[in-house]
Each structure stands twice: as C-alpha cells, then as structure tokens.
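To keep things clear, I will list the structure first and then write my remarks on it.
The values are calculated or read from the model by the stated rules, or taken from the named source; none is laboratory data. Note that this is a predicted model, so its numbers are computed, not measured. Every residue, glycine among them, receives a Cβ derived from its backbone with ideal geometry; neighbour counts consider all protein chains shown. Only protein heavy atoms, including side chains, enter the accessible area calculation; ligands, DNA and RNA are left aside. Shrake-Rupley method; radii C 1.70, N 1.55, O 1.52, S 1.80 Å.
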Amino acid sequence: MFSARPGSVSNLNLYSIRTDGADIRQLTTSPGDDIWAEYSPDGATIAFVSERDGQRDLYLMDADGRNQRRVTTHGGVEFTPRWSPDGKALTY
C-alpha cells in the first residue's frame, strides 16, 4: 500500500497493489490527505489517518476501501496507527 500515486498533483489518497505490481486499486477519494495506512493482523481492516474533516483523525475501512469511518474526533493530531498483535486495539 502507498499513499501517493506517482504523478499525482492533488491530495494524497490510499491505494492497494499486489506484491508483483499488478492490480493497483484506489481505496480513498477524500478531499483531504489520507496517509499512514496499516492493515489489521487479519488483513480485513485498514487503519489510516485522514485530513478529510479539516484535522488529522484516525479512520478505519474494510480492506477493499468500503465502510470508511472516523474513530477519533479530538483536537490532537494522530500519526502512524499501529494494531496490537491480536487486532483488538490501536495505538497512534
């Protein structure tokens, strides 16, 4: 997964890509930057940071990009989300 597709001049979005470089799929299309993505241990969920609501907050989405939802709403700034080994907790 990477945050900015080469040649992009707009905001940063998240993409998935197979290890052989095939099957590039855009997962986010928000008006703010979507960055610092991390798959859950089971691969079903992605935690990421987004500026889509004017501040950096933590979001979750299904591995295919669906069901995007905000997890934090406070005035602090979230960075680099990390899953616990069992996938039941996040740190940022």
Around SER40: net Lys/Arg minus Asp/Glu count, Cβ-Cβ under 12 Å
-2
Can you give the % of DSSP beta bridges in the chain that are antiparallel, to the nearest 5?
100 percent
How much net charge surrounds ASP53 when only the other residues with a Cβ under 15 Å from the Cβ of ASP53 are counted, with Lys and Arg +1 and Asp and Glu -1?
-1
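From largest to smallest, what semi-axes in whole angstrom does region 32-86 give when each is the square root of 5 times an eigenvalue of its alpha carbon gyration tensor? Intermediate results must be reported in sequence, preceding the final value.
Values: eigenvalues 69, 31, 15 Å².
Working through the eigenvalues yields semi-axes of 19, 12, 9 Å.
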What distance in nm separates the simple spin-label points at THR91 and ALA44, each placed 7 Å from Cα in the Cβ direction?
2.4 nm
Most fluctuating of ILE24, ILE35, ILE46 in the GNM of the chain (C-alpha, under 10 Å) is ILE24
Under 11 Å, Cβ to Cβ, from VAL77 - net charge with Lys/Arg +1 and Asp/Glu -1
-2
Ratio of the chain's C-alpha Rg to 2.2 N^0.38 Å, to two decimals?
1.04
Once the piece of chain linking GLN26 and SER84 is laid out straight, how much longer is it, given 0.36 nm per residue of separation minus the C-alpha distance between them?
18.3 nm
Whole-percent carbon and sulfur contribution to the accessible surface of the chain (1.4 Å, no ligands, DNA or RNA) stands at 48 percent
